[in-house]
Amino acid sequence: MTFAYKVKSELCAVEMNEKCCKKAEAYGFLLFGRHFSKYGITVLTEHPDVANTMSKLLSDMFGIKLRQKTSKRSDGRIADCISVENEKDIDRLFDEFGHSEKNVTLRINRSNIENECCNSAFLRGVFLSCGSIVDPGKDYHLEFVSPHIRLGKDLSDYLSELDFEPKTIVRKGNLVVYLKDSEQIEDILTMMGAVRCSLELMNIKVYKDLRNKVNRVTNCETANIGKTVEASARQIEAIKKLMSAKDSNSIPPELREIAKIRIENPDASLSVLAKISGISRSGVNHRLQRIIKLANQIK
(Lines give C-alpha, C1' and ligand atoms only; values in the text may rest on other atoms or scores of the structure.)
Protein backbone atom coordinates (compact mmCIF):
# COMPACT_ATOMS: atom_id res chain seq x y z
CA MET A 1 0.00 0.00 0.00
CA THR A 2 1.46 3.35 -1.03
CA PHE A 3 1.61 6.31 1.32
CA ALA A 4 -0.78 8.24 -0.96
CA TYR A 5 -3.26 5.35 -0.77
CA LYS A 6 -3.07 5.39 3.04
CA VAL A 7 -3.65 9.14 3.13
CA LYS A 8 -6.79 8.88 1.00
CA SER A 9 -8.04 5.91 3.04
CA GLU A 10 -7.71 7.96 6.22
CA LEU A 11 -9.40 10.98 4.64
CA CYS A 12 -12.33 8.86 3.49
CA ALA A 13 -12.85 7.72 7.09
CA VAL A 14 -13.24 11.28 8.45
CA GLU A 15 -16.71 11.80 9.88
CA MET A 16 -18.52 15.08 9.37
CA ASN A 17 -21.51 16.28 11.35
CA GLU A 18 -21.97 19.78 9.96
CA LYS A 19 -23.97 20.12 6.76
CA CYS A 20 -21.85 23.08 5.66
CA CYS A 21 -18.70 20.91 5.80
CA LYS A 22 -20.34 18.11 3.84
CA LYS A 23 -21.28 20.60 1.14
CA ALA A 24 -17.75 22.07 1.08
CA GLU A 25 -16.16 18.63 0.69
CA ALA A 26 -18.56 17.60 -2.07
CA TYR A 27 -17.92 20.91 -3.83
CA GLY A 28 -14.13 20.58 -3.67
CA PHE A 29 -14.32 17.01 -4.93
CA LEU A 30 -16.53 17.73 -7.95
CA LEU A 31 -15.06 21.12 -8.88
CA PHE A 32 -11.51 19.77 -9.17
CA GLY A 33 -12.44 16.67 -11.14
CA ARG A 34 -11.69 16.06 -14.79
CA HIS A 35 -14.88 17.77 -15.98
CA PHE A 36 -17.19 20.26 -14.27
CA SER A 37 -19.61 21.72 -16.77
CA LYS A 38 -23.23 21.67 -17.87
CA TYR A 39 -22.31 18.84 -20.23
CA GLY A 40 -21.19 16.56 -17.43
CA ILE A 41 -19.32 16.22 -14.16
CA THR A 42 -16.58 13.58 -14.04
CA VAL A 43 -13.93 12.56 -11.51
CA LEU A 44 -11.36 9.79 -11.96
CA THR A 45 -9.94 7.94 -8.96
CA GLU A 46 -7.88 4.80 -8.45
CA HIS A 47 -9.02 4.45 -4.85
CA PRO A 48 -12.26 2.44 -4.31
CA ASP A 49 -12.92 4.12 -0.95
CA VAL A 50 -12.96 7.52 -2.63
CA ALA A 51 -15.57 6.41 -5.15
CA ASN A 52 -17.78 4.84 -2.47
CA THR A 53 -17.41 7.70 0.04
CA MET A 54 -18.25 10.40 -2.47
CA SER A 55 -21.13 8.46 -3.96
CA LYS A 56 -22.67 8.16 -0.49
CA LEU A 57 -22.01 11.81 0.35
CA LEU A 58 -23.69 13.13 -2.81
CA SER A 59 -26.58 10.73 -2.39
CA ASP A 60 -27.14 11.83 1.22
CA MET A 61 -26.69 15.54 0.50
CA PHE A 62 -28.49 15.98 -2.81
CA GLY A 63 -30.25 12.69 -3.51
CA ILE A 64 -28.07 12.28 -6.58
CA LYS A 65 -26.89 8.85 -7.64
CA LEU A 66 -23.49 8.87 -9.26
CA ARG A 67 -22.63 6.62 -12.13
CA GLN A 68 -19.53 4.50 -11.53
CA LYS A 69 -17.64 2.59 -14.16
CA THR A 70 -14.14 1.27 -14.58
CA SER A 71 -11.95 2.91 -17.18
CA LYS A 72 -8.32 2.78 -18.28
CA ARG A 73 -6.07 5.83 -18.03
CA SER A 74 -3.73 6.84 -20.83
CA ASP A 75 -0.84 5.25 -18.91
CA GLY A 76 -2.69 1.93 -18.68
CA ARG A 77 -3.68 2.18 -15.01
CA ILE A 78 -7.22 1.20 -14.04
CA ALA A 79 -9.42 3.88 -12.45
CA ASP A 80 -13.00 4.34 -11.34
CA CYS A 81 -14.84 6.97 -13.34
CA ILE A 82 -17.42 8.77 -11.20
CA SER A 83 -19.84 10.90 -13.16
CA VAL A 84 -23.07 12.88 -13.05
CA GLU A 85 -24.69 12.69 -16.46
CA ASN A 86 -28.35 13.42 -15.80
CA GLU A 87 -29.08 16.96 -16.98
CA LYS A 88 -31.44 17.75 -14.10
CA ASP A 89 -28.91 16.52 -11.53
CA ILE A 90 -26.20 18.66 -13.11
CA ASP A 91 -28.48 21.71 -13.10
CA ARG A 92 -29.26 21.13 -9.45
CA LEU A 93 -25.60 20.85 -8.48
CA PHE A 94 -24.73 24.01 -10.41
CA ASP A 95 -27.54 25.84 -8.62
CA GLU A 96 -26.46 24.46 -5.22
CA PHE A 97 -22.87 25.53 -5.80
CA GLY A 98 -23.72 28.89 -7.35
CA HIS A 99 -22.20 28.24 -10.78
CA SER A 100 -23.67 29.52 -14.01
CA GLU A 101 -23.51 27.83 -17.38
CA LYS A 102 -22.47 31.23 -18.75
CA ASN A 103 -19.16 31.05 -16.85
CA VAL A 104 -16.43 30.27 -19.34
CA THR A 105 -13.64 30.03 -16.76
CA LEU A 106 -14.05 27.91 -13.65
CA ARG A 107 -13.34 29.70 -10.37
CA ILE A 108 -13.69 28.74 -6.71
CA ASN A 109 -16.99 30.05 -5.37
CA ARG A 110 -16.04 30.96 -1.79
CA SER A 111 -19.69 31.00 -0.69
CA ASN A 112 -19.50 27.19 -0.62
CA ILE A 113 -16.82 27.43 2.08
CA GLU A 114 -19.20 29.01 4.57
CA ASN A 115 -17.36 28.69 7.89
CA GLU A 116 -13.81 28.22 9.14
CA CYS A 117 -14.53 24.54 9.81
CA CYS A 118 -15.27 24.13 6.10
CA ASN A 119 -11.66 24.85 5.05
CA SER A 120 -10.48 21.38 6.03
CA ALA A 121 -13.52 19.75 4.40
CA PHE A 122 -13.05 21.66 1.14
CA LEU A 123 -9.34 20.82 0.94
CA ARG A 124 -10.10 17.20 1.76
CA GLY A 125 -12.52 17.04 -1.17
CA VAL A 126 -10.00 18.70 -3.49
CA PHE A 127 -7.23 16.29 -2.46
CA LEU A 128 -9.46 13.23 -2.89
CA SER A 129 -10.30 14.50 -6.36
CA CYS A 130 -6.95 15.65 -7.77
CA GLY A 131 -4.32 15.35 -5.03
CA SER A 132 -1.35 13.05 -4.58
CA ILE A 133 1.63 12.73 -2.28
CA VAL A 134 5.05 11.14 -2.75
CA ASP A 135 6.26 8.52 -0.29
CA PRO A 136 8.08 10.67 2.32
CA GLY A 137 10.82 8.04 2.50
CA LYS A 138 11.81 9.19 -0.99
CA ASP A 139 10.89 12.87 -1.08
CA TYR A 140 8.65 15.52 0.47
CA HIS A 141 6.10 16.47 -2.18
CA LEU A 142 2.32 16.96 -2.09
CA GLU A 143 0.44 18.26 -5.10
CA PHE A 144 -2.93 19.11 -6.61
CA VAL A 145 -3.33 18.84 -10.39
CA SER A 146 -6.02 20.85 -12.17
CA PRO A 147 -6.76 20.83 -15.91
CA HIS A 148 -8.16 24.34 -15.47
CA ILE A 149 -5.35 26.91 -15.12
CA ARG A 150 -7.42 29.68 -13.53
CA LEU A 151 -9.00 27.25 -11.08
CA GLY A 152 -5.54 25.98 -10.10
CA LYS A 153 -4.38 29.55 -9.48
CA ASP A 154 -7.44 30.12 -7.29
CA LEU A 155 -6.42 27.09 -5.24
CA SER A 156 -2.87 28.41 -4.91
CA ASP A 157 -4.19 31.76 -3.67
CA TYR A 158 -6.55 30.00 -1.28
CA LEU A 159 -3.71 27.93 0.21
CA SER A 160 -1.62 31.08 0.62
CA GLU A 161 -4.44 32.66 2.61
CA LEU A 162 -4.31 29.63 4.92
CA ASP A 163 -0.59 30.38 5.58
CA PHE A 164 0.79 27.72 3.24
CA GLU A 165 3.46 28.55 0.67
CA PRO A 166 2.45 26.71 -2.50
CA LYS A 167 4.37 26.76 -5.75
CA THR A 168 2.90 26.22 -9.21
CA ILE A 169 4.08 24.72 -12.47
CA VAL A 170 2.39 23.83 -15.75
CA ARG A 171 2.77 20.14 -16.56
CA LYS A 172 1.23 18.60 -19.69
CA GLY A 173 -1.31 21.39 -19.93
CA ASN A 174 -2.37 21.07 -16.28
CA LEU A 175 -1.59 23.50 -13.48
CA VAL A 176 0.19 21.73 -10.62
CA VAL A 177 -0.05 23.37 -7.19
CA TYR A 178 2.47 21.78 -4.85
CA LEU A 179 4.15 21.91 -1.44
CA LYS A 180 7.74 20.75 -0.82
CA ASP A 181 8.30 21.80 2.79
CA SER A 182 7.86 18.78 5.07
CA GLU A 183 6.35 20.78 7.93
CA GLN A 184 3.78 22.35 5.62
CA ILE A 185 2.88 18.92 4.27
CA GLU A 186 2.45 17.68 7.84
CA ASP A 187 0.21 20.67 8.58
CA ILE A 188 -2.02 20.25 5.54
CA LEU A 189 -2.41 16.51 6.17
CA THR A 190 -3.45 17.26 9.74
CA MET A 191 -5.81 20.00 8.58
CA MET A 192 -7.50 17.71 6.06
CA GLY A 193 -7.91 14.99 8.70
CA ALA A 194 -5.06 12.57 7.90
CA VAL A 195 -3.55 12.85 11.39
CA ARG A 196 -2.06 9.34 11.50
CA CYS A 197 -0.34 9.83 8.16
CA SER A 198 0.96 13.21 9.31
CA LEU A 199 2.52 11.55 12.37
CA GLU A 200 3.97 8.82 10.17
CA LEU A 201 5.58 11.48 7.99
CA MET A 202 7.07 13.13 11.09
CA ASN A 203 8.53 9.78 12.23
CA ILE A 204 9.98 9.11 8.79
CA LYS A 205 11.55 12.57 8.77
CA VAL A 206 13.13 12.00 12.21
CA TYR A 207 14.50 8.64 11.01
CA LYS A 208 15.89 10.18 7.80
CA ASP A 209 17.51 13.04 9.72
CA LEU A 210 19.10 10.58 12.16
CA ARG A 211 20.28 8.33 9.33
CA ASN A 212 21.82 11.30 7.51
CA LYS A 213 23.57 12.39 10.70
CA VAL A 214 24.97 8.88 11.22
CA ASN A 215 26.14 8.80 7.60
CA ARG A 216 27.88 12.16 8.00
CA VAL A 217 29.63 10.95 11.16
CA THR A 218 30.59 7.66 9.49
CA ASN A 219 31.93 9.45 6.42
CA CYS A 220 33.91 11.80 8.65
CA GLU A 221 35.34 8.89 10.64
CA THR A 222 36.18 7.02 7.44
CA ALA A 223 37.96 10.09 6.09
CA ASN A 224 39.90 10.46 9.35
CA ILE A 225 40.90 6.79 9.27
CA GLY A 226 42.13 7.26 5.70
CA LYS A 227 44.20 10.26 6.73
CA THR A 228 45.65 8.31 9.70
CA VAL A 229 46.64 5.39 7.47
CA GLU A 230 48.26 7.67 4.88
CA ALA A 231 50.17 9.62 7.53
CA SER A 232 51.30 6.41 9.23
CA ALA A 233 52.58 5.02 5.92
CA ARG A 234 54.64 8.17 5.30
CA GLN A 235 56.03 8.08 8.85
CA ILE A 236 56.98 4.38 8.71
CA GLU A 237 58.64 4.86 5.33
CA ALA A 238 60.67 7.75 6.77
CA ILE A 239 61.60 5.71 9.86
CA LYS A 240 62.86 2.77 7.76
CA LYS A 241 64.83 5.11 5.52
CA LEU A 242 66.36 6.85 8.53
CA MET A 243 67.22 3.61 10.35
CA SER A 244 68.93 2.13 7.28
CA ALA A 245 71.18 5.16 6.88
CA LYS A 246 74.89 4.91 7.74
CA ASP A 247 74.68 7.46 10.51
CA SER A 248 71.51 6.03 12.11
CA ASN A 249 73.31 5.84 15.47
CA SER A 250 73.22 9.62 15.62
CA ILE A 251 69.40 9.67 15.81
CA PRO A 252 68.29 11.25 19.14
CA PRO A 253 66.88 8.79 21.74
CA GLU A 254 63.46 10.51 21.85
CA LEU A 255 63.08 10.01 18.09
CA ARG A 256 64.21 6.38 18.36
CA GLU A 257 61.56 5.82 21.03
CA ILE A 258 58.66 7.30 19.05
CA ALA A 259 59.89 5.52 15.89
CA LYS A 260 59.77 2.17 17.72
CA ILE A 261 56.25 2.87 19.01
CA ARG A 262 55.04 3.86 15.53
CA ILE A 263 56.51 0.71 13.93
CA GLU A 264 54.80 -1.45 16.58
CA ASN A 265 51.46 0.40 16.14
CA PRO A 266 51.09 1.17 12.42
CA ASP A 267 47.30 1.72 12.59
CA ALA A 268 47.27 3.89 15.71
CA SER A 269 46.23 7.53 15.64
CA LEU A 270 48.35 10.30 17.14
CA SER A 271 46.13 10.29 20.23
CA VAL A 272 46.76 6.57 20.78
CA LEU A 273 50.50 7.01 20.24
CA ALA A 274 50.43 9.82 22.81
CA LYS A 275 48.87 7.53 25.42
CA ILE A 276 51.40 4.78 24.74
CA SER A 277 54.41 7.10 24.81
CA GLY A 278 53.24 9.22 27.73
CA ILE A 279 53.79 12.49 25.88
CA SER A 280 51.29 14.92 24.39
CA ARG A 281 49.65 14.45 21.00
CA SER A 282 51.40 17.54 19.67
CA GLY A 283 54.69 16.19 21.05
CA VAL A 284 54.21 12.92 19.16
CA ASN A 285 53.39 14.78 15.96
CA HIS A 286 56.40 17.07 16.37
CA ARG A 287 58.81 14.13 16.76
CA LEU A 288 57.35 12.24 13.79
CA GLN A 289 57.65 15.36 11.64
CA ARG A 290 61.31 15.66 12.70
CA ILE A 291 61.85 12.05 11.56
CA ILE A 292 60.28 12.79 8.16
CA LYS A 293 62.42 15.92 7.81
CA LEU A 294 65.61 14.03 8.63
CA ALA A 295 64.66 11.23 6.20
CA ASN A 296 64.08 13.75 3.43
CA GLN A 297 67.60 15.11 3.97
CA ILE A 298 69.14 11.71 3.19
CA LYS A 299 70.36 11.53 -0.40
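Can you name the residue in the stretch 11-33 that is surrounded by fewer than 18 Cβ atoms within 10 Å (Cβ to Cβ) and either under 25 Å from the mean Cα position of the chain (by Cα) or charged (D, E, K, R) (or both) and, of all such residues, is nearest to Met61 (Cα to Cα)? Applying the filter and picking the extreme gives Lys19. Does the stretch 65-76 include one or more residues that are modelled with pLDDT under 80, in the same structural domain as Leu162 (by TED's automatic domain parsing) and of a type in the set (Val, Ile, Thr)? Within the stretch 65-76, one or more residues are modelled with pLDDT under 80, in the same structural domain as Leu162 (by TED's automatic domain parsing) and of a type in the set (Val, Ile, Thr).
Looking across Ala238, Ala245, one residue alone is assigned to a helix (DSSP H, G or I) and not charged (D, E, K, R). It is Ala238.
Exactly one residue out of Glu183, Glu230, Glu264, Glu237 is surrounded by fewer than 16 Cβ atoms within 10 Å (Cβ to Cβ), assigned by TED's automatic domain parsing to the domain that holds Ser146 and not basic (Lys, Arg), and it is Glu183. Of the strands (runs of 3 or more DSSP E) lying entirely inside the stretch 138-181, not one is found with 3 or more residues being modelled with pLDDT under 95, among the charged types (D, E, K, R) and out of contact with any helix residue (DSSP H, G or I) (no Cβ under 9 Å at 6 or more places or on another chain).
With respect to Thr42, is the statement that it is closer than 22 Å to Gly173 by Cα, in the same structural domain as Asp187 (by TED's automatic domain parsing), not small (Gly, Ala, Ser) and not in a helix (DSSP H, G or I) true?
On the way: closer than 22 Å to Gly173 by Cα: yes; in the same structural domain as Asp187 (by TED's automatic domain parsing): yes; not small (Gly, Ala, Ser): yes; not in a helix (DSSP H, G or I): yes.
Criteria met by Thr42.
Restricting attention to the stretch 216-226, does a residue exist that is within 23 Å of Val284 (Cβ to Cβ) and among the aliphatic types (A, V, I, L, M)? Looking for residues that are within 23 Å of Val284 (Cβ to Cβ) and among the aliphatic types (A, V, I, L, M), one finds at least one in the stretch 216-226, hence yes.
The values are calculated or read from the model by the stated rules, or taken from the named source; none is laboratory data. For clarity, every value in this text was computed on a predicted model and none was experimentally measured. Don't worry about glycine lacking a Cβ; one is built from the backbone with ideal geometry, like all the others, and counts go over all protein chains shown.
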